[in-house]
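Since the structure comes first, as structure tokens, the remarks are kept for the end.
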Amino acid sequence: MRIDRLDLSRYGKFTDEAIAMPMAKRDFHLIVGANEAGKSTIRNAILDLLFGIETRTPYNFLHLNAEMRLAAAISHDGKGLDFQRVKKTRSLLDAQGAVIADTALASFLGNADRAFFDHMFGLDHERLVSGGDEILKASNDVGRILFQSAAGIGSLGAVRDALEAEADTLWARRKSGERAYYAAAADLEAADAALKQATVRTREWTDARGSADDIERELADLKQVFRTLESERTRDERIRRVVLSVNSIAACSRELAALGTVAILPPHAAQSLASAETAIAAATSELKLAGNLAGEARTALGKIAVDDNVLLHAEAIVALDQRAQQTRLHERDIGRRQIEVLHTPGHTEGGCCLLLRHEKLVITGDTLFADSVGRTDLPGGSHDLLMASIREKLMPLDDDTVVWPGHGPSSTIGHERRFNPYING
């Protein structure tokens, strides 16, 4: 019989461990490992695989009995079998987990039982030592000499005597504190006594666990009470911090209620108030100055002898004065002035206005007057065309552009835009 693969699925320290042993030219597989690596476990696993896992197996320390599982693929004389072994009454299974008869391995094992197979193929350290002792004891010194000659080992007897002497210092049937075994056994007993002293009995553990649970529940209740009190304290602290502000707000609310209905001011009311106060202060100063000037003017007026004939021409005199102010520098600047001709039909078909853009002055002729517009009832006149000329050519000019009409007082574009009834009507 040949083992092609061994699976230690749930066995000893192994979990899902597979060992493949494929056919080779020199068909001998050697498994090497450090101490406690699991070599003895593998040797015992082969026995349990072929003959069933023992009832009191020592290899269930990691996996429960119900979970223990081995598997393998074996072959013999051209036949092969892939099977599993578990720890239960009908323990032999095929690869798919179906139960198969225990006789399925008969053709591979022949008449070998567990003891025979273990004796023939399960050589371990203890059996090596036992076999060596039997050889060394054979025929007293003659057997020893024969073994030394066959093995090529000299002085084997002396070495054996030395080892026996050393073993005697370690252990003997007679108890002695000088032997290492009994010293270690005494230490073990002391350790066991200490362990028993430290071990807690089930009842003591149960009582202690119950007391601990009671204390934990009491602690949880106290924590809940603490959280409740802490929440109340935090709330009271917030109230304490804001009570003065709340009282102040309440007092202000009562004062506000006593005022009755008040106007809701816009967001910029404070800025408007400040601007108004500034304007009032300036106006007060100007009013005072104007009052002084008015007083001086009244005094001067009282000294003037009024000529009624001159007053009849007051409007013309004022217009001439304004024209004089506007033209006082014309003689000096006339050569530097640039005049734009604006075609403004309406009063006449070829009506024009003259624009001095630098001086912000427009001469409108009979197109635009102060608070009025030119006539359009003469031949060639058109009111719609006149108004279009004013809106398109004159109204786009700056507000501070001075208007010189052909008749009457001067004005400004801004004044006419706001107050001329023909433009705003």
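Under the criterion of Cα pairs below 8 Å and six or more residues apart, the relative contact order for the chain equals 7 percent.
Counted by Cβ distance under 12 Å from LEU386, the other residues give a net charge of -2, where Lys and Arg count +1 and Asp and Glu count -1. Taking Lys and Arg as +1 and Asp and Glu as -1, the other residues whose beta-carbon sits under 13 Å from that of THR15 total -1. Note on the chain: GNM, Cα springs under 10 Å; of GLU340, GLU54, GLU255, the largest mean-square fluctuation is that of GLU340. Above 12 Å, the calculated P(r) of the range 200-240 contains 67 percent of its Cα-Cα pairs.
Sorting TYR11, TYR422 by the number of Cβ atoms found within 10 Å of their own Cβ, with the fewest placed first, yields TYR422, TYR11. With Cα atoms defining each centre, the range 335-383 and the range 162-197 are spaced 137 Å apart in the structure. Sticking with the crude label model, points 7 Å out along Cα→Cβ, report the distance from ASP168 to ALA193 in nm, one decimal please. Result for the modelled spin labels: 3.1 nm.
Result for the chain in a Gaussian network model with C-alpha springs under 10 Å: among SER248, SER275, SER411, the largest mean-square fluctuation is at SER411. Think of the chain as a dipole: +1 on every Lys or Arg Cβ, -1 on every Asp or Glu Cβ, centred on the Cα centre; then among VAL341, MET68, ALA183, ALA183 lies furthest on the positive end. Counting neighbouring beta carbons within 10 Å and listing from fewest to most, the residues ASP377, ASP366 come out as ASP377, ASP366. Here's the picture: charge each Lys and Arg Cβ at +1 and each Asp and Glu Cβ at -1 in the range 179-250, and of ILE239, LEU222, VAL200 the one pushed furthest to the positive end of that dipole is ILE239.
For the residue pairs LYS13/LYS196; LYS25/LYS79; LYS360/LYS393, the alpha carbons lie more than 22 Å apart in LYS13/LYS196.
Each stretch of four or more DSSP H residues adds -39500 (n - 2.57); spread over every residue of the chain, this sum gives -16500 deg cm²/dmol at 222 nm. Taking the chain as a Gaussian network of alpha-carbon nodes connected by springs under 10 Å, the highest mean-square fluctuation of the residues VAL341, VAL129, VAL262 belongs to VAL341.
On a per residue basis, the convex hull of the C-alpha atoms belonging to the chain measures out at 761 Å³. Other residues lying with their Cβ under 13 Å from the Cβ of ILE215 contribute a combined charge of -3, Lys and Arg counting +1, Asp and Glu -1. With the biggest extent put first, the Cα atoms of the range 2-122 measure 37, 37, 29 Å across the principal axes.
When the convex hull of its Cα atoms is viewed from all sides, the range 314-424 shows a mean projected area of 7.2 nm². Residue order for LEU394, LEU109, LEU62, LEU342, fewest other beta carbons within 10 angstrom first, comes to LEU62, LEU109, LEU342, LEU394.
Listed by chain and number, the aspartates and glutamates whose alpha-carbon sits under 12 Å from that of LYS87, ignoring those within fewer than 8 places in the same chain, are ASP48, GLU54, GLU67. Most simply put, the chain has about 90% antiparallel DSSP beta bridges, counting only bridges with both residues inside it.
Here, each number is a calculation from the coordinates, and none is a lab measurement. In this text, all values refer to a predicted model and were calculated from it rather than measured experimentally. Quick reminder, even Gly has a Cβ in these numbers, built from the backbone with ideal geometry, and neighbours come from all protein chains shown.
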